[in-house]
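The block underneath contains the structure these notes are about, expressed in structure tokens.
The values are calculated or read from the model by the stated rules, or taken from the named source; none is laboratory data. Note that the structure is a prediction, hence the values are computed from the model and not measured. Cβ coordinates were reconstructed from backbone atoms using ideal geometry, including for glycine residues, and neighbour counts include every protein chain displayed. Just so you know, the surface numbers come from the protein's heavy atoms only, side chains and all, with ligands and any DNA or RNA stripped out. Shrake-Rupley method; radii C 1.70, N 1.55, O 1.52, S 1.80 Å.
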Amino acid sequence: MGTSAVIVTGVFLGFGGLVAYLVGVGALAETRRLRRDGVPAWAQVMRHPAAFDEVNGVPGPLLQFTTRDGAVVEVFAPVPSSRSRPLAAGERVRVAYDPADPRQVLVLGRERRGIDFAFAGLGVGLALAALVLLISAA
């Protein structure tokens, strides 16, 4: 592989690593913010006939809750239903919502911090690989 190809590969790896790191860290910060500042509420899990969970290919869960000022809010669940932890229609789940924008919801106890840490770690790994490539090309 020529020097210019190594440099281009290093730049792409570095950019991809930066994006992955920012996605992971941003999601972790949003989870932390909603856990700290979010308003807790009970949400009813509903099924919307037109909504499908892309991963599972089944109707996606819709959450309906009432804000502290009486507004009824319906949002799609920010986490998919899984076989081990289904979000069954009729189930009640605890959520924390952003009082400034109640559509920003965190389903308490179902945070996906593992995936967020994986993105941040992958970003660091890609950035280090890019650094090694760029140093070796110099």
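Counting other Cβ atoms within 10 Å, keep those with at most 11, restrict to DSSP loop, and tell me which trypsin sites (Lys or Arg not before Pro) in the stretch 69-137 are left. Working shown, then result.
Working: sites: Arg83, Arg92, Arg94, Arg103, Arg110, Arg112, Arg113; in loops: Arg83, Arg110, Arg112.
Those that pass, being in a loop and sparsely packed, are Arg83.
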Practice problem: Quick one: which residues, 5+ away or cross-chain, put their amide H under 5 Å from the amide H of Gln104? H built at 1.01 Å from N. | Solution: Asp98
Practice problem: Express in nm, to one decimal, how much length is gained between Leu108 and Arg92 on full extension, taking 0.36 nm for each residue of separation and deducting their alpha carbon distance. | Solution: 4.6 nm
Practice problem: Skip the ligands, DNA and RNA, and give the accessible area per residue of the stretch 6-138 with a 1.4 Å probe, whole Å². | Solution: 60 Å²
Practice problem: Report, to the nearest 10°, how far helix 113-137 tilts away from the longest principal axis of the Cα atoms in the chain, using its own Cα long axis and a range of 0 to 90°. | Solution: 10 degrees
Quiz prompt | Accessible carbon and sulfur surface of the stretch 72-114 relative to its total accessible area, %, 1.4 Å | solution = 49 percent
Quiz item: Using a simple spin-label model with points 7 Å from Cα along the Cα→Cβ vector, what separation in nm is obtained for Arg32 and Ala118?
Solution: 2.2 nm
